[in-house]
Each structure stands twice: as C-alpha cells, then as structure tokens.
Amino acid sequence: MIYVFDETFDGFLTAVFQSAQSKEPLDSVTDAFGQSIFLAVTQVITDVFQAGRVRQFIDTHLGADMMETVRYAFLSANPDRFTYTARTLHLARRHGARVVDVMDDAVLGFRDCYREAMRETHRFTGLTRFSELADGTLYAVIAPKHNVLPPVLAHFAQRYPRERLAVYDENRHLLGMLDAGRVTLHKVTMENPVPTQDEQAYRQLWRAFFESVTISERLNPHLQRQHMPKYTWRNLVEMQQTPAEKSPETQAFALQESPGRDIIWL
Amino acid sequence: MELEEKLRILAGAAKYDVSCSSSGSNRPNTGGTGNAAVSGICHAWTADGRCVSLLKVLYTNLCSFDCSYCFCRRSNDVPRASFSPDELARLTMAFYRRNYIEGLFLSSAVAVNPDRTMERLIRVAEILRFREGFQGYIHMKAIPGADLALVTRLGFLVDRMSINMEFSTHRQLHLLAPDKQAGQIRGAMLSVRDTINEFSNLPAVRRNDTRFVPAGQSTQMIVGAGDDTDSDILSSAQNMYREMRMKRVFYSAYIPVNLPHPLAVASPVPLRREHRIYQADWLIRFYGFEAGELLTPGANLDLAVDPKAAWAVQHHDQFPVNVNRAPYEMLLRVPGIGVKSAKRIVASRRMGRLTYDSLAKIGVVMKRASHFLTAEGTRATPVIDQPERLYRLLTDGTAQTHQQLSFFDGVP
Ligand code: SF4
C-alpha cells in the first residue's frame, strides 16, 4: 500500500498512524503522486488527532532525541525518507528507543536521512552570509540540498533575537523571516537585493581577511571543497571575486505577499 | 592607515596560530547579540583547507620581545600596525552580524610591556560585552608576564583564554624566547585553573551571571623549532590536560620565517609530524592511552603509520579481539574502530551477535579493523602474527615519503 499525504509534518504522522493500523504491508509513504499505478494508493487526510497519537508515542516511549531525529529525517531530500522513517517508527513499537540499533535497511536508511539533513543544517549555520539592507534587515540567500531552512532559521533566530532576519532558500523558493520575535515561512520568489555602499565595504574587508589568513605554502583545495562544497560558493562573499556591482540604490525590504504561516522548529 | 591594510597585516601575522576551535562554550542569548554554540561552528575554509571560525587577528604586531621563531620580533624590519579597541570591536560586530564569524580570537605582540598590552585587550572585550551587548565567542591570549590581576579581569570577559607554553622544556623556551619566563607562564595557568575551579563550584544560580573562562583554557606548543622530541611534547601535553585541566593543547608545525638563527632549526617541519602529534593527543584524550604507552622517552612518532596502528602492531599478541565480547576499552584500541563505532558495537551486540557485514554498516573501517578482530561468520586470512606484513598493510602514504620525512626527523 502506498500512502500519499499533503506536505505537512502532521500529514506525515497521520500516514504513519494509518499504515500502522492497516493489515496491508506498507510499500511506501510519499508526498507526491506518480508512483506505480499498479499498487494501491491511500490518500491520507491529515488528522491532528492521529498525528498526536504518534507524537505522544515518540515522546513517551522513544524520547525527545528521537523526535528531533524524525524531524530532521523528514527534511532530507532522500526520495525514500518518508518510507524509511515510517518503517522505523513501526519497528519502534516492538523495540522501543533501541530501534536505532536494529540492523534493518529501513533503520539504516532513516539514520542516513537524519544525518544528511542534520549535517547540512550544521553546515549552513556556518555557510550563510547576511547582508544588511538599507532598512537594517539582515538578508541571506542559501541553496541547500535538503529542506533545512526551518532549523537554520531557528539557529539564527536564537543568535540574533533583536534583528529583523530574512533567509531565502532559492532552490525551493521559500523565505523564512524573523520579525519582532515571530518566525514565519513564505512561498515566494525573491530577487537578489542590491548591496549598499557600507555593505560592499564590509564584504571587501571580509575578503581581505580571508585572503590574508590563507597559508599559501600549504594549499589544499581538495580539503577546502570537502568542507565547503562548490554548490555553496554562489552565495559566499569570500568565494567571489569583487563583482562589478550595480550602482547602490537604497532598497528597503518589503514583503507584499501572503502573511505566511508560523513555523516552530522543535 | 586604512582599515583594510591594518586588517591584512594583523590577520596575516596571526594566521600561523592554530586554534580554530570555537567550541566548548555555552553562552545562551539573554537579549544581546549572539550566543556561543557548544559544538562550535566553522564559517569558511581557506584554500589551505583550514576552518575559519573566528576573526583571528593580533591587536598589534609591535613587539618589544625578540623570540627567535617569530616574524613580529623586535629585531625584524616588517610593516607594523595596531588597531584601536573601538575599531576592532566595531569590525567584530559587523562581521558577526553578517555571520562571517563565530566570534573574536585576539592575540597580541607585546607592545611597550605586558601589562599595557593586557589592558588594551581587556578594553576590547569590555566594549564588546558592555557597549555592544555581544554574547558571542571570545578567545583571547593572555600576555606572558602580565600581572595576574589583569589575567583574572580578562577571564571574566572571555569564553576561552590561552597562555602559550611554546615549548615542552624550559631550556628550549629560555633559548628561543629569552624574554619569556617559564615560571610566569606556569603561574598564570595555575591561577586561571584555580579561578575556573572556584567558579564552577558555585551554585548554578550564581554561575549564570558570573562566568569565568567558561570554555576553559588552552595552550600551544611549536613543533620542531627547538630540539624537543614528540615524547617530550606528548608528555607535557598529558600533564597540561591532567594538572592544568586544559581543554585543548594545540600544536603548530614550525615554519621558518626568519633568517637562520644559530639556535633554531632552519628547516620547515613536515606537516605530517604535526598531524601525528594531533592523532596521539586525541588518543590520550578520548581513547584511554597514556603518553608513555605511545612513545618511549626520547622517541618520535612513526610518520608512516598512525600512532594507534603503530601501538596495535607492537602489541599484536593482544589481538584479535572478539567484537561480541571484548570490553569497550579494548574495542577502542582496535585500528579502524572509533569512539562512535565502539559505542554502537556495545549497543548493537545486545540485540544480537555482530557479523563482519554489520560491522561495516556500523561504520567500522573494515580495511584496517578486519586484521584485528573476530566476529560472527567467516574471517579473512589472519595476518595478526606477522607484524611486518601488518605494518605494511597499515601504512598510509607512500614508502618514499616516509623515508624523506624520517630523514628530516632522524627517526631510526
Ligand atoms: S612576544 Fe615573542 S612570539 Fe610574541 S609577538 Fe613578540 S616576538 Fe613574537
């Protein structure tokens, strides 16, 4: 049986609940159509009560760490992330918190999904660069492989609680905002803002610092790319030559679109 | 002088300093700007592959001391620059808000005298903490010879403090850094250790508003500028961890920056030597090894194999170990098994017997480990009683480099 849910986390937990109740074996859990037409499909309608039962099961029997692990695995870009996670949670009914040590392909896959998303989150807490816009907003663009914007934004919301923050995931066209203590997520397409003169000066200082700390006797570009993979360079000030930047205009940050939905990360 | 030029000079002068680590502090945000993350965050990697986490600069490179291994020493004719406390604090904030950095790592040459320099460093930290409300990570180096009262004042402002010991023996320090006194360096370390201890015993409520060097102290040794051996270096490092309760000891392979000095070694130190020392340091801190187990007095580490493999080859009679029965401590001694995989083995074997296949899935590096362990099922041809063959199998890097490097070091 294939379970198809809306993109939400509660929708996913509902699918976990329903597939656990069912007598039929679980083939996969997905948030998209287009799987094999020969297999039976269940369209899952998000049910907060059923989702709550799964949350409660995780919290009381598996612990807060497991909840975090599930949240991260959910953000992974691995096509089988939902299936792995659902199967692991099913197995957890028998093994409890020790399920993560069971030698099972779904559990190993689940752990990989978690690890990838968690690692990339950690990576982007370092590899995100903000620019200060004319109105004082700190704005950053990232292009992560996994859907790590929510935990990345949560990190910065803790770090800069007094700032107005906007982090844009240009791969998914998602904008996360922190404004007056409220964190929201918006589906929009953003243009890159033009940097102010001050902003350009700080970028230049940063590039100067970065250049002068490199030990030229010990170049090791392979190691550099291993930690700072090429796909992140586009948005890194220090990995770009001084660009011929357009004339700085004063640009304030305005979001005309929807009010967005509140997001809570852990 | 333009800020950019100053930054280039003072960052360039600090770059050989090795500590990139920003971890170990937990300074939650309480309304200001920033916080310090326990696990440490790297923000960029230079083309030489090192992590950039902190704005690492000297406050000034004007020095009244004359250490033979140092580029900034008094007798060198090099461009000099100094920040002002205000300028440096603003730069730190601008970089921090843009998430270029995790915090500030400030060191300094000894301008005028140690106390004057320490006062400047304290001023920078005060502006950051009190005027800018900065709650991010600050690591500063205490200036050798500065008044202990100043060292303590600085300790209340920073997350980590380090005092460089430079060499593992007093004799080397005396020869190569004649203006520094081993007794003063030791005295400052002891004082920081005791104050940290005093504050960590406070009840939790009071600990939150008064922090003294919450990420602990660290120190640094230069490898290969003098004639101290790896065994000297590792035993004093072990002592630093145990007696001084250091969080980290950093090692820096010497790069000759000055004209030949009659007392200093003139050749650069192979980076691999530094690397091996870091591996051994790791074994002492997390794998339950003693410095004396890894090296006999006066010896250097083998550059061709890592110190854990070298130990295992020497003690091949203690292998193979049975992964389904061996105690955790012994699992840790198997080449190819790290702390994480040792823990997972202990957790997983409760659920069933472990096979060779499952070990690879757990993350054990079977290419190395398979020679040293037994598990459920078939086993590869044992080579455990052929130490020479075992040694060759564990060599990383080519035999040629080994000879070149060991020639440098005089390894027998
Ligand atoms: S005190 Fe010695 S090591 Fe430090 S800057 Fe001066 S000369 Fe260099």
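The values are calculated or read from the model by the stated rules, or taken from the named source; none is laboratory data. Just so it is clear, the model here is predicted, and its values are computed rather than measured. Because the Cβ atoms are built from the backbone with ideal geometry, glycine has one as well, and the counts that use them run over all protein chains shown.
Here are A:Val102, A:Val167, A:Val152: which of them is more than 20 Å from A:Phe5 (Cα to Cα) and out of contact with any strand residue (DSSP E or B) (no Cβ under 9 Å at 6 or more places or on another chain)?
Details: A:Val167 fails: out of contact with any strand residue (DSSP E or B) (no Cβ under 9 Å at 6 or more places or on another chain); A:Val152 fails: out of contact with any strand residue (DSSP E or B) (no Cβ under 9 Å at 6 or more places or on another chain).
Testing whether each residue is more than 20 Å from A:Phe5 (Cα to Cα) and out of contact with any strand residue (DSSP E or B) (no Cβ under 9 Å at 6 or more places or on another chain) leaves just A:Val102.
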Worksheet item: What is the number of the single condition among (1) surrounded by fewer than 24 Cβ atoms within 10 Å (Cβ to Cβ); (2) within 14 Å of another protein chain (Cβ to nearest Cβ); (3) more than 19 Å from B:Phe199 (Cβ to Cβ) that B:Lys180 does not meet?
Response: (2)
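I'd like the full set of residues that are farther than 16 Å from B:Gly136 by Cβ and not in a helix (DSSP H, G or I), limited to segment A:145-164. Break it down stepwise before answering.
Residues of segment A:145-164 that are farther than 16 Å from B:Gly136 by Cβ, as a first pass: A:145-154, A:164.
Within segment A:145-164, A:Lys145, A:His146, A:Asn147, A:Val148, A:Arg164 meet the criteria.
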Worksheet item: Considering segment A:211-220 alone, what residues qualify as being at the interface with chain B (Cβ under 7 Å from one of its Cβ atoms) and either at pLDDT 80 or above or in contact with a Lys or Arg (Cβ under 9 Å, 6 or more places away or on another chain) (or both)?
Response: A:Ser212, A:Val213, A:Thr214, A:Ile215, A:Arg218, A:Asn220
Item to complete: Give the residues of segment B:58-82 that are within 18 Å of B:Ala125 (Cα to Cα) and either away from chain A (no Cβ under 14 Å) or surrounded by fewer than 22 Cβ atoms within 10 Å (Cβ to Cβ) (or both), sorted by residue number.
Response: B:Tyr59, B:Thr60, B:Ser82
Item to complete: Could you please find all residues in segment A:78-91 being more than 19 Å from the chain's Cα centre (by Cα) and more than 13 Å from chain B (Cβ to nearest Cβ)?
Response: A:Ala86, A:Arg87, A:Thr88, A:Leu89, A:His90
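Away from chain A (no Cβ under 14 Å), within 12 Å of the ligand (Cβ to nearest atom) and at pLDDT below 95 - does that describe any residue in segment B:89-108? Give the steps one after another, and end with the answer.
At the first step, the residues of segment B:89-108 found to be away from chain A (no Cβ under 14 Å) are B:89, B:108.
In the following step, the residues that additionally are within 12 Å of the ligand (Cβ to nearest atom) were identified as B:108.
If we keep only those that are at pLDDT below 95 too, we end up with B:108.
Checked segment B:89-108: at least one residue is away from chain A (no Cβ under 14 Å), within 12 Å of the ligand (Cβ to nearest atom) and at pLDDT below 95.
Among the residues of segment B:52-66, count how many are in contact with a helix residue (DSSP H, G or I) (Cβ under 7 Å, 6 or more places away or on another chain) and either modelled with pLDDT of 90 or more or near the ligand (Cβ under 7 Å from one of its atoms) (or both). Walk me through it before giving the result.
Within segment B:52-66, the subset in contact with a helix residue (DSSP H, G or I) (Cβ under 7 Å, 6 or more places away or on another chain) is B:52, B:55-59, B:61.
So of that shortlist, the ones also either modelled with pLDDT of 90 or more or near the ligand (Cβ under 7 Å from one of its atoms) (or both) come out as B:55-59, B:61.
So the answer is 6.
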Discussion item. For the condition modelled with pLDDT of 90 or more, surrounded by fewer than 17 Cβ atoms within 10 Å (Cβ to Cβ) and more than 16 Å from B:Leu173 (Cβ to Cβ), what is the one hit in B:Arg206, B:Arg245, B:Arg193?
Written reply: B:Arg245
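Only one of B:Asp77, B:Asp86 is more than 11 Å from the ligand (Cβ to nearest atom), acidic (Asp, Glu), assigned by TED's automatic domain parsing to the domain that holds B:Ser218 and modelled with pLDDT of 95 or more; which?
Details: B:Asp77 fails: modelled with pLDDT of 95 or more.
Just a single option satisfies the conditions, and that option is B:Asp86.
Looking at A:Arg203, A:Arg172, which one is of a type in the set (Lys, Arg) and within 20 Å of B:Ser53 (Cα to Cα)? Even if it seems obvious, please write down each step before you answer.
Values: A:Arg172 fails: within 20 Å of B:Ser53 (Cα to Cα).
Testing whether each residue is of a type in the set (Lys, Arg) and within 20 Å of B:Ser53 (Cα to Cα) leaves just A:Arg203.
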